[in-house]
Amino acid sequence: MAPPQGHGHGHDDSPLPYKRQDALGAGVQSGLVMGGAGLFLSAVRTSLEKTHVGPWAVFTKHGGIVATFAAVGTAYEFTRVAAANLREKEDHYNNAIGGFVGGAVLGLRTGRIPRIIGYGLVTSLALAVFEYTGGRIEGRRRDPEADEFERKEKLRLMRRRPLEETIAEIGEGRGIRPPGYEERRRERLKEKYGIDINPVSADPDRA
C-alpha cells in the first residue's frame, strides 16, 4: 500500500492532518459562557432600575439580553467549528463564517433584513481580522522556537540609524560630540570671533 501523501521519507513540511471537532458541544459550551455574560449584564441593568422590580426581573424584564447572548454565542461557535470540519482547515475564514451567522442572529432583534446582513458583515470582518492577526490585541504570537536574542538583535539593526544621519538632523553639540567635533568647533570659533582656542589637557603627559 502506498504511503499517504506528505508522509514519505525525509523531511516532512506538510501540515498536520485536521482533527474533527464536536461542533454541537462547542456551540453549547459557547452558548453557556455567553449566556452567563448576558445574565451578568442583565443583573447589572436590573440593579440600576429606579423602582423596585424584584430579583426575577433579571429574567422577566431583561431576559432578552440573556437569550440573545446565548444565541449569538451558540450560533457563532457551532458555525465556526462546523465550517472548520467541512473545510478540514483551521483559519480565519472559519471565524468569518461563524461571525456572519452570529452577527445575523444579533441583528434578528431589529427585525430588518438590511440590519441583519449589516450586523453579520461587521461581526464577520471583525472576527476574521482578529483571528488573522493572531487572536490577540497586540498581534500574532511569537514563534516559541525562535531565539529571543536574535529577534531583538534583528530589530535593533533594523531600527538603528547611521550617526551621520542623526547629526545631520539635530546637529552637533548639546552632548553630541562625534569624531572631529573639537577641531570643527575651534574652526567655527576662529572664523566667527577670530579667536584661536588651544585645547588644554588634564593629562600631564600630553602637555
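The values are calculated or read from the model by the stated rules, or taken from the named source; none is laboratory data. Everything quoted here is computed from the prediction, not taken from an experiment. Neighbour counts are summed over all protein chains in view; Cβ atoms, including those assigned to glycine, are modelled from backbone coordinates with ideal geometry.
Data overview
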item	result
Verdict on VAL53 being at pLDDT below 90, farther than 27 Å from ALA23 by Cβ and crowded, with 19+ Cβ neighbours inside 10 Å	no
Condition check for ALA75: modelled with pLDDT of 90 or more, under 21 Å from GLY118 (Cβ atoms) and of a type in the set (Gly, Ala, Ser)	yes
Positions within the stretch 101-115 being of a type outside the set (D, E, K, R), out of contact with any Phe, Trp or Tyr (no Cβ under 9 Å at 6 or more places or on another chain) and modelled with pLDDT of 90 or more, in sequence order	ILE113, PRO114
Residue tally, condition among the polar types (S, T, N, Q) and more than 18 Å from the chain's Cα centre (by Cα), over the stretch 95-131	1
Every pair of residues 6+ apart whose Cβ atoms lie under 7 Å, when the first sits in the stretch 49-64 and is more than 16 Å from GLY38 (Cβ to Cβ) while the second is among the β-branched types (Val, Ile, Thr) and surrounded by 10 or more Cβ atoms within 10 Å (Cβ to Cβ)	VAL53/THR46
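This table checks each residue for (1) in contact with a Lys or Arg (Cβ under 9 Å, 6 or more places away or on another chain); (2) closer than 27 Å to ARG20 by Cβ.
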residue: VAL66; (1), (2): no, no
residue: ARG80; (1), (2): no, yes
residue: GLY111; (1), (2): no, no
residue: GLY134; (1), (2): yes, yes
